[in-house]
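Data block below; observations after.
The values are calculated or read from the model by the stated rules, or taken from the named source; none is laboratory data. Everything numeric here is computed off the predicted structure, so don't read it as measured data. Cβ coordinates were reconstructed from backbone atoms using ideal geometry, including for glycine residues, and neighbour counts include every protein chain displayed. Ligands, DNA and RNA are stripped out before the accessible areas are found, and what is left, the full protein with its side chains, is counted by its heavy atoms. Shrake-Rupley method; radii C 1.70, N 1.55, O 1.52, S 1.80 Å.
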Amino acid sequence: DRYCTGGAWFAQKYPGARYMGASNLKELHQVVTSTTMIRRLKKDVLSQLPPKRRQQILLPVTSAEQRQLKGMTEKLFELETALKDGTGSGALFSGDFGKNQKINELYLKSGEIKCKAICDYLSVLLEAEQKFLVF
């Protein structure tokens, strides 16, 4: 609260605290610039940075997990084929919605399956004190 002005804010839908504005700006600037803040422009430091290195890491998954993903992928292809052939049930919109829903389910499930392997890999990087950025 020393550097932020604001306070309680109540509305019917979203009660809570709302902080807008600042206070003690000179003191805040002194604290930040004297201890932690270094401001540099990207154009000034770009030549000092190493080139971007993009890597795609293949993670191990169990055969049971592979079967589960394969089954979901097959259902997606069946739905896609039915939409193309016109044999799918319901209107085109509901078919497209079903396809998008299956894609989303596959995306979420693949993330759940890879979660442990990702955590293990990141632990190895952290122990090796490697710098990394994850997307």
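So the values come out like this:
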| item | result |
| --- | --- |
| Residue match in the stretch 100-122 (condition: polar (S, T, N, Q) and loosely packed, with under 10 Cβ neighbours inside 10 Å) | no |
| Scan of the stretch 44-67 for residues that are open to solvent by 100 Å² or more (accessible area, probe 1.4 Å), closer than 22 Å to F132 by Cα and in a helix (DSSP H, G or I), ordered by number | S47, Q48 |
| Residue in the stretch 87-99 that is of a type in the set (D, E, K, R) and at pLDDT 80 or above present | no |
| Single unsatisfied condition, E80 versus (1) in a helix (DSSP H, G or I); (2) charged (D, E, K, R); (3) open to solvent by 100 Å² or more (accessible area, probe 1.4 Å) | (3) |
| Test for K70: is it open to solvent by 90 Å² or more (accessible area, probe 1.4 Å), at pLDDT below 85 and not in a loop (DSSP other than H, G, I, E, B) | no |
| Neighbours by Cβ (under 9 Å, 6+ apart or cross-chain): first from the stretch 118-130, acidic (D, E); second open to solvent by less than 80 Å² (accessible area, probe 1.4 Å) | D120/L59 |
